[in-house]
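Undergrad: Here you go, one structure.
The values are calculated or read from the model by the stated rules, or taken from the named source; none is laboratory data. All values derive from a computational prediction rather than experimental measurement. Cβ coordinates were reconstructed from backbone atoms using ideal geometry, including for glycine residues, and neighbour counts include every protein chain displayed. Surface areas here come from the heavy atoms of the whole protein model, side chains and all, with no ligands, DNA or RNA. Shrake-Rupley method; radii C 1.70, N 1.55, O 1.52, S 1.80 Å.
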Amino acid sequence: MPTIPSYCLLNTQELSRLASLNASGSVFAVYGVLCSYARKAKSCFPSIKTISNALDGAYHKATIQRALKFLEDNKIIKRASRRSKERFQMTFRRAIQKIK
């Protein structure tokens, strides 16, 4: 079983963006897990099962899928194929870093 990161860093711009979109708690939780795996990188590749395990099984697979769809539809992340090492690209985070 892969090691689950012990923390994630979200900057205020990411929090503001999610809040302005009225993101649900599951969206915040799933985005937090993606950020914890991405750390300072521009992408990460945890599986749905890994995301669920990181959230202690609090959300069903379908809820995680809906949260990922919300994040993708609102251009917070971009999804690639399941086998890609850049499965989840942190597009909003990358845009913030370019501005700085």
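Undergrad: Build a GNM of the chain with springs between Cα atoms under 10 Å: which of Arg83, Arg66, Arg39 gets the top mean-square fluctuation?
TA: Maximum fluctuation in the GNM of the chain, among the listed residues, is at Arg83.
Undergrad: Same structure, new question: Please give the Cα centre distance for region 31-49 versus region 55-100, rounded to the nearest Å.
TA: Rounded to whole Å, the Cα centres lie 8 Å apart.
Undergrad: Once the dipole of region 55-95 is set up with Lys and Arg at +1 and Asp and Glu at -1 on Cβ about the Cα centre, which of Phe70, Ser81, Thr91 lies farthest towards its positive end?
TA: Farthest towards the positive end: Ser81.
Undergrad: Something else: Counting only Cα, what are the radius of gyration and maximum Cα-Cα distance Dmax of the chain, in Å?
TA: Looking at the chain, its Cα Rg and Dmax stand at 12.5, 37 Å.
Undergrad: Also, I was wondering about something else. Tell me the per residue accessible area of the chain using a 1.4 Å probe; a whole number in Å² is fine. Intermediate values should be presented prior to the final figure.
TA: Working: 6320 Å² over 100 residues.
Accessible area per residue, the chain: 63 Å².
Undergrad: Given the DSSP H assignment, sum -39500 (n - 2.57) over each helix run of at least 4 residues in the chain and divide by its residue total; what's the result at 222 nm in deg cm²/dmol, nearest 500?
TA: Per the formula, -15500 deg cm²/dmol.
Undergrad: Using a 1.4 Å probe on the protein chains only, how many percent of the accessible area of region 1-57 belongs to carbon and sulfur?
TA: 55 percent
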